[in-house]
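Notes for the one structure printed next.
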Amino acid sequence: MLAGIGALTAAVMVLSRSIQLPELATPDLSETTFICTSEVTGPCTRDVATATLSSVEDRELVTYDQIPPVLINAVIAAEDKDFFDHEGVDPYGIARALYQDIRFGGTLQGGSTITQQYVKNSFLTPDRTLTRKIREATLAIKLEREAAGDKRAGKEQILLDYLNLIYFGRGAYGIQAASQAYFDKNVEELNLADAAYLAGLIRAPESADARDNPEEAKRRRSTVLRRMLEDGHITELEAERADKRTLNTIIPQASRAGLGEVKGSEFGSEYFIEAVRQQLAEIYPDGGLYTEGLRVYTTLDHDLQKHAYQTVVNELPPEEPDNPTASIVAIDDRGRVVAMMGGTDFRSSEVNLATGRDGGGSGRQPGSAFKPFVLAESLEQGFSARSLYAAPSVIEIEGANNGTVWRVKGGGSSKGYRDLVDAMRVSSNVVYAQLMIDTRPDQVVQMAQKLGVTAELPAVNALVLGAGEVSVQDMASAYSTFEREGAVLEPVIIERIEDPEGRVLCYYPVNGVCHDGADRTAEQVLDAEIARQVSHTLTLVVNEGTGRNAQIDQPAAGKTGTTQDARDAWFVGFTCDLTAAVWMGYPGAPGEPPRFMDDFRGIEVHGGDFPAQMWAEFMSRASEGNEEPCTELPTSNDFTGRVRNTNLSTTTTVPPCPGPGEEPLAPGVVECIPAPVEPGDTSTTTNPEGESD
């Protein structure tokens, strides 16, 4: 391998004597990236863009004397240990990098020298071809020979130009902007730990931001410190002390460099635009999103975004400090996120409530909104939705709670039993707890994930009542699969990306991976008949059950969800061509105790009141002016399959619950049949007999 590399190096040495070094082009406004919403049907230009991304506003040049030696040593150790000795290319460095990559899977040291990296970023295109690589090496040698008569001075100039040029993440170009972006200090003030952290960012800065990926950030900093120690730049004690430094000194990202004014920011569109920026950063980790003049066509519908924002702030005015907040995500039948209400004030909090952990926050427990996934799995296993289960007011199941007794309450029936259809209508916890055990949690996790939930879920029985944590977008995505009759489409926020000349570079990216073409085909992950049966039960929830407040002037299906002590409340549902998820709660902050909605405006909040009402308000506004109104959902009540526990319809051994003044239940007896609710009882307006959430 070394012989081949040596021969290649000799060849480029010869070429470097005759090749002409090109002039560095002056950046112009064509490098600005424009982001447009779905209303833009023509070219995405500055005058119609919702937002812009540019590097111009976040670069501040420094002199070589301003750069502290500790930073120079950190960059040299991380990127090119022989920089001051080689002549532009380093054959042994290439061999060493290949060895490191194969043995350790490292990402900090590649085969290119600092001079080669500078040449690539200044003079060449980013394509990865052998021809470009040879040209890069040739120009690197040529540059070093012509930089200055004094070799040391020439090397320092190349290093200075390199450090003023490269991208460090957060929209920061050059070492001074990076120092400000991460530490709020000038480059002269950087210490060893700071310098090692910044040097570790160079190869892929967006994936090692300590605020988003602290483990990766610490790993890279440790790697740089180890290399500095090996190269003799620092002592073992200095390396150990710097490695123990907390990453909390790295400040939050205060502003988005070059983002500019965001149109529609008064309706919370910054959260969507920031999600787009993060997606672009995955596709262009070297900072190309700020410099390559991209034209980004997104899925956001300004009118629907406005409706989502107004729905939330009208119900929960943010200026009232004790109010909880809410998030809405709407996805159309093509899998496009058309509205994302992630927060009310991006300047005060950049945490996107709609995207959970991906938005800088945490997931939220979905409560009983998870029950349709359990039903779908049971139907797929061949059992009928007319299967019967005991429905006392309280049930205790031995060994079902990590080996201990699982005590579940809510959703009992005066008959002593319910089928799965009726149990969904009233959101019966006792019935679906039993179904979860029969269906098996690991199988339900797989069902939820193939329907569209991307969050990691615990395979535990309590998952049926919302023990896992999901995002609002996850829930909207999974329910949209029911709306498409079992066909899944990953939710997208970008339709396509073009270069300045209008050539398409990428379609429908998800997690940084572009789709093959302009057309997306949904994958059938659930039998269409099963999806229609689940949808039928969810129409009953809206028409007759816990979700009655979600009724609108067209067919709708959905499910309520409320977690313990009313910490989270949900309504997730769909019409013929639009799915929306509504979450309500207190966001909380790190170290802050959880807040509950057990006494908000005089009631304990459930998914069937405020969230269902907000869902109905948003969906009613969204359907205004539809040329083809929704008249019928694809549902089915042809419940074939094996029926569990048929004997329950004729026999029951569950005693009636004692009334006022009556003897209590015998010791050890926890199951009982609740008495029917008397006509006129005020509980019938919000919680009819047996309903739970």
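The values are calculated or read from the model by the stated rules, or taken from the named source; none is laboratory data. The structure displayed is predicted, hence computed values, not measured ones. Please note: Cβ atoms are built from the backbone with ideal geometry, for glycine as well, and neighbour counts cover all protein chains shown.
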message: It is to be established whether one or more residues within segment 306-313 are crowded, with 18+ Cβ neighbours inside 10 Å, among the small types (Gly, Ala, Ser) and closer than 30 Å to Cys576 by Cα.
response: yes
message: When you scan segment 276-284, do you find a residue that is of a type in the set (Phe, Trp, Tyr), closer than 19 Å to Gly342 by Cα and surrounded by 19 or more Cβ atoms within 10 Å (Cβ to Cβ), even just one?
response: no
- prompt: Here is a list of conditions, (1) surrounded by fewer than 24 Cβ atoms within 10 Å (Cβ to Cβ); (2) touching a residue at least 12 places away in the same chain (Cβ under 8 Å); (3) closer than 23 Å to Gly486 by Cα, and Ala423 meets all of them except one; can you say which number that is?
  reply: (1)
Residue pairs meeting the criteria (Cβ under 7 Å; at least 6 apart or on separate chains; first touching a residue at least 60 places away in the same chain (Cβ under 8 Å), in segment 624-642; second exposed (fewer than 10 other Cβ atoms within 10 Å of the Cβ)): Gly641/Gly382; Arg642/Gly382
- prompt: What number of residues in segment 166-224 are of a type in the set (Asp, Glu), within 19 Å of Arg245 (Cβ to Cβ) and either at pLDDT below 90 or not in a helix (DSSP H, G or I) (or both)?
  reply: 3
query: In segment 309-352, what count of residues is obtained for those that are under 30 Å from Leu633 (Cα atoms), of a type in the set (Gly, Ala, Ser) and in a loop (DSSP other than H, G, I, E, B)?
result: 2
statement: Those residues of segment 350-405 that are out of contact with any strand residue (DSSP E or B) (no Cβ under 8 Å at 6 or more places or on another chain), free of Cβ contacts under 8 Å to residues at least 12 places away in the same chain and among the small types (Gly, Ala, Ser) come to a total of 1
statement: Of those in segment 378-388 that are in contact with a Phe, Trp or Tyr (Cβ under 8 Å, 6 or more places away or on another chain) and either surrounded by 23 or more Cβ atoms within 10 Å (Cβ to Cβ) or among the hydrophobic types (A, V, I, L, M, F, W, C) (or both), the residue farthest from Gln533 (Cα to Cα) is Leu388
task: Could you figure out which of (1) buried (at least 16 other Cβ atoms within 10 Å of the Cβ); (2) more than 25 Å from Asp82 (Cα to Cα); (3) under 22 Å from the mean Cα position of the chain (by Cα) isn't true of Arg245?
output: (3)
Selection count where residues are crowded, with 18+ Cβ neighbours inside 10 Å, in a loop (DSSP other than H, G, I, E, B) and modelled with pLDDT under 70, scope segment 12-66: 1
field: Residue list for segment 393-419, restricted to those being in a loop (DSSP other than H, G, I, E, B), crowded, with 19+ Cβ neighbours inside 10 Å and out of contact with any Lys or Arg (no Cβ under 9 Å at 6 or more places or on another chain)
entry: Gly410, Ser413, Gly416
